[in-house]
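Structure, as structure tokens:
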């Protein structure tokens, strides 16, 4: 914020009185160059989470017996926001949470989101459906392809 104010003052002096411009610009440039750097060495502290810990954290999140619809949607929104396609065990627990909430629409949205998340990699989505097929059958959830939603 301080440097923005200094730059504004420099600009106003240059525009309003060119005779003072050299001395003021010199003093401002010196003060700008002597400003201390921001703290940049403490950005990468903390424990790095392994893939197994990440998966376990999300499985535990969706396996909460008292999860509500808002928490389910918030969790899926956060999970889909990551730069990854979730593992089948995470999706299994999310689909079971949908079943506990009797929320078929969210279950189908999860499958659609996973298909979209797989993007151009045509082998990821069929693999996940293959891994989730026993769970989908047990819970009575149809895939978007079985419902014909993918053609809309």
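The values are calculated or read from the model by the stated rules, or taken from the named source; none is laboratory data. Owing to the predicted nature of the structure, the values given are computational and were not obtained by experimental measurement. Cβ sites come from the backbone with ideal geometry, for glycine too, and all protein chains shown count toward neighbours.
Take the residues in segment 111-125 that are touching a helix residue (DSSP H, G or I) at 6+ places or on another chain (Cβ under 9 Å) and free of Cβ contacts under 8 Å to residues at least 12 places away in the same chain, then tell me which one is surrounded by the fewest Cβ atoms within 10 Å (Cβ to Cβ).
Going through the qualifying residues, I end up with 116.
Going residue by residue through segment 77-88, is there one that turns out to be part of a helix (DSSP H, G or I), surrounded by fewer than 16 Cβ atoms within 10 Å (Cβ to Cβ) and touching a residue at least 40 places away in the same chain (Cβ under 8 Å)?
No, segment 77-88 contains no residue that is part of a helix (DSSP H, G or I), surrounded by fewer than 16 Cβ atoms within 10 Å (Cβ to Cβ) and touching a residue at least 40 places away in the same chain (Cβ under 8 Å).
Just one of 141, 108 is closer than 21 Å to residue 85 by Cβ, in contact with a helix residue (DSSP H, G or I) (Cβ under 8 Å, 6 or more places away or on another chain) and in a helix (DSSP H, G or I); which is it?
108
Taking residue 131, is it farther than 25 Å from residue 81 by Cβ and either in a loop (DSSP other than H, G, I, E, B) or at pLDDT 95 or above (or both)?
no
Which of the residues that make up segment 57-73 are surrounded by 15 or more Cβ atoms within 10 Å (Cβ to Cβ), touching a helix residue (DSSP H, G or I) at 6+ places or on another chain (Cβ under 6 Å) and under 19 Å from residue 105 (Cα atoms)?
Those that are surrounded by 15 or more Cβ atoms within 10 Å (Cβ to Cβ), touching a helix residue (DSSP H, G or I) at 6+ places or on another chain (Cβ under 6 Å) and under 19 Å from residue 105 (Cα atoms): 62, 67, 72.
Test residue 95 against the criterion of being buried (at least 18 other Cβ atoms within 10 Å of the Cβ) and touching a helix residue (DSSP H, G or I) at 6+ places or on another chain (Cβ under 9 Å), and give yes or no.
Criteria met by residue 95.
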